[in-house]
Amino acid sequence: MATPDLFASPGPSPAERMAQLRTQLHRHAHLYYVLDEPSIPDAEYDRLFQELQALEAAHPELASPDSPTARVGGKALDQFASVRHAVPMLSIRTETDTEASGAQNFDTRVRKELGLGEGDPPVEYVAELKFDGLALNLRYEQGVLVQAATRGDGETGEDVTQNIRTIRQIPLRLPEDAPRVLEVRGEVYMRRDDFESLNERQREKIARGVKGEKTFVNPRNAAAGAVRQLDPAIAAQRPLSFFAYGVGEVTPAEAGGPDFDTHFQLLLTLKSWGFPVAAQTQTAQGASELIAFHEQMGRGRDQLPYDIDGVVYKVNSLALQKKLGFVTREPRWAVAHKYPAQEQMTTVQAIDVQVGRTGKLTPVAKLAPVFVGGVTVTNATLHNEDEARRKDVRIGDTVIVRRAGDVIPEVVSVLLDKRTQDAPQFTMPRTCPVCGSAAVREEGEADYRCTGGLFCGAQRKEAILHFAHRRAVEVEGLGDKLVEQLVDAGVVRTLPDLYKLGLTALAGLERMADKSAQNLLQALEKSKSTTLPRFLFGLGIRHVGEATAKELARHFGKLDAVMDASEAQLLEVSDVGPIVAQSIRTFFDQPHNREVVEQLRACGVNWPEGEPAARAPQPLSGKTFVITGTLPTLSRDEAKDRVEAAGGKVAGSVSKKTDYVVAGTEAGRKLTRAQELGVAVIDEAALLAMLTAPAA
Ligand code: IVH
């Protein structure tokens, strides 16, 4: 018989268990948020977290401000309390010279102040990133975060503790070996991806009509807004991050505090206490290594997940820092070395629409020239119609332009309070600005496209390359280099020009040997005998790939039949849906495209034509339908297309000749009339069944 083990130790008391859980959760949060190295699954973390929450709810007297559960809480404030900094928060001198000489100048000044001569060894520095956020002072007493304050004027800042507690990278409690008083200084910032998703959420709110919401101009701006948000619940939804780069008041060594020799050692210790310190931070010997750091970080700047606006150099030895001291409010031992700004303000002089090689229309803001991201920018993309509208960029507007790395410059936002003119909202042209063909935007797509593929100057090279492709009409040896050369030299403008080429025109081209010219002419001659599917595919009609081209050729037999087919007739081709049908129709509706086709035929491009494929018996042949009301899935037009594609007719009013009335919800007079005349009334489901049923 099993006897209860009387000597088993009782489980931990609630207070003990809560302490255990808090320690574990602090450790896991640090692994997850600071080191990016979680050691337990999220679900396990959640379980521990919930256990602690439950214990705290059951024992409110044991609640603690440093509990991992205590990150969000508190009421909205009317204003922030002022905080007088125990040690002033200084700013640093900025080296505006963005070239290497910025680092050289700093080193020269430091050496001079320290009385070092040419023969003396290089000064050791710490090189850090200059994060583009807000300076923050975190005060810990007895290892517990008691206050977080903004820099303010350097003497007095604002108490933003409630909001800062929500930043998971900031420890609420420090390990045992941390000093009794510790102020950690660093930068609170927002990652670019967090910024993007925050703005996305803001846009959704604005679209839903939520009052008082706005989008943010850049991550710095969004971070500042979040830190100074009076309602901590809102602040908690704004994802902030933090990097430590220094200290304020610290228990002195004489009173048992830490004794650091160097700034680097101090940073490593902060890291060991759980603070995020940027991995790029490193020591550097003399000006040359500072310059190398500046260059290296400048190159990698755009790959970082957050914005930096420069790097910071600090003399590593704390003794030398002391010796160097301060000028007014700036230490002589540190300097910020900037990079060219990635955002600038300028004005919009015009909005042009550019046509890409594949016919895509892109609105582009023409700007008053501005130096941004290291180059002079005069154009910035507005991406597409929706983006241009969303940002509401208008001619005459003052805008913020951003250029990061090799990315094309873009308009970030409009400064609405600077709008003076009453310029109209931007609208996309309905015709191609290059060739005048219709510009269309298909359902579900963001871009407008020019439909004059064969004729449009912007699409010339692409059209020729596609036509000459091995799987299209195949002109052997006509690749992108040669097309580039022929078009740029002006000898080929449209496809038929290819077949008008002679030896003399070709001989005039650079790097074109007699032999290559002969070969090209032979290849062109050979390409004239082709097939209808290849020719149709070669025209480069949007959505018409090889398979569709084959189906079209099989179905219609002759090119003219394809060119003249109505959308309804095109829909009869297997594989052709409404978007493809419309695209084919629009293509052949452009007179210029038809002209190019005619000229190609006149030049001798030919193929065997066939008879249209025997029509499969049409399920709705000879039947007349009237469609009324709202159908559950099909629009009225779609239903009409489907009926016609199946051989049926669609009429506008009900008569004795009507075979079926297809009625949806809110069907009115037509339905009553059908009932009066005894015409069969069916719903959408019945219609769909008839469409697929074999012909009677
Ligand atoms: S050190 C006495 N280090 O740049 C030195 N500042 O004026 C105090 N900043 O407002 C600053 N990254 O918010 C330091 N690695 C870094 C920094 C940094 C960004 C900000 C800081 C301060 C401004 C310099």
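Residue count for the range 364-417 satisfying the condition of being in a helix (DSSP H, G or I) and over 22 Å from residue 192 (Cβ atoms): 5.
In summary, residue 637 fulfils each of the numbered conditions (1) within 18 Å of residue 473 (Cα to Cα); (2) open to solvent by 50 Å² or more (accessible area, probe 1.4 Å); (3) part of a helix (DSSP H, G or I) with the single exception of condition (1). Within the range 178-185, the presence of at least one residue that is within 16 Å of the ligand (Cβ to nearest atom), assigned to a strand (DSSP E or B), open to solvent by 10 Å² or more (accessible area, probe 1.4 Å) and not aliphatic (A, V, I, L, M) is confirmed. Consider residue 110 against the criteria (1) aliphatic (A, V, I, L, M); (2) more than 16 Å from the ligand (Cβ to nearest atom); (3) not in a loop (DSSP other than H, G, I, E, B): it satisfies all of them except one. Which criterion is unmet? Going through the list (1) aliphatic (A, V, I, L, M); (2) more than 16 Å from the ligand (Cβ to nearest atom); (3) not in a loop (DSSP other than H, G, I, E, B), residue 110 breaks only (2). Considering (1) within 16 Å of the ligand (Cβ to nearest atom); (2) part of a loop (DSSP other than H, G, I, E, B), the lone condition that residue 340 does not fulfil carries the number (1).
Listed here are the residues, each with its yes/no results for (1) within 16 Å of the ligand (Cβ to nearest atom); (2) closer than 23 Å to residue 92 by Cβ.
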position: 228; (1), (2): yes, yes
position: 232; (1), (2): no, no
position: 279; (1), (2): yes, yes
position: 285; (1), (2): no, yes
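Surrounded by fewer than 19 Cβ atoms within 10 Å (Cβ to Cβ) and closer than 18 Å to residue 130 by Cβ: does that describe residue 285? Spelling it out, it is not the case that residue 285 is surrounded by fewer than 19 Cβ atoms within 10 Å (Cβ to Cβ) and closer than 18 Å to residue 130 by Cβ.
Condition check ((1) modelled with pLDDT under 90; (2) open to solvent by less than 40 Å² (accessible area, probe 1.4 Å)) across all residues:
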| site | (1), (2) |
| --- | --- |
| 596 | no, yes |
| 606 | no, no |
| 613 | yes, yes |
| 656 | no, no |
| 660 | no, no |
| 681 | no, no |
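The residues of the range 376-405 that are open to solvent by less than 40 Å² (accessible area, probe 1.4 Å) and either touching a Phe, Trp or Tyr at 6+ places or on another chain (Cβ under 9 Å) or within 17 Å of residue 203 (Cα to Cα) (or both), listed by number, are 377, 382, 384, 385, 388, 391, 392, 393.
Could you go through the range 643-661 and let me know if any residue there is aromatic (Phe, Trp, Tyr) and within 30 Å of residue 463 (Cβ to Cβ). Scanning the range 643-661 turns up no residue that is aromatic (Phe, Trp, Tyr) and within 30 Å of residue 463 (Cβ to Cβ). Is it true that some residue in the range 71-84 is closer than 22 Å to residue 170 by Cα and part of a helix (DSSP H, G or I)? Looking through the range 71-84, none of the residues is closer than 22 Å to residue 170 by Cα and part of a helix (DSSP H, G or I).
The residue of the range 562-574 that is farthest from residue 610 (Cα to Cα), among those that are of a type outside the set (D, E, K, R) and either open to solvent by 40 Å² or more (accessible area, probe 1.4 Å) or out of contact with any helix residue (DSSP H, G or I) (no Cβ under 9 Å at 6 or more places or on another chain) (or both), is 566.
For the range 76-104, filtering for residues that are away from the ligand (no atom under 15 Å from the Cβ), of a type in the set (S, T, N, Q) and either over 14 Å from residue 161 (Cα atoms) or surrounded by 15 or more Cβ atoms within 10 Å (Cβ to Cβ) (or both) leaves 3.
The values are calculated or read from the model by the stated rules, or taken from the named source; none is laboratory data. As the structure is a prediction and not an experimental result, all values here were calculated from the model. A quick note on method: Cβ atoms are made from the backbone with ideal geometry, for glycine too, and the neighbour counts reach across all protein chains shown. Note: areas computed on protein heavy atoms with side chains; ligands, DNA, RNA excluded. Shrake-Rupley method; radii C 1.70, N 1.55, O 1.52, S 1.80 Å.
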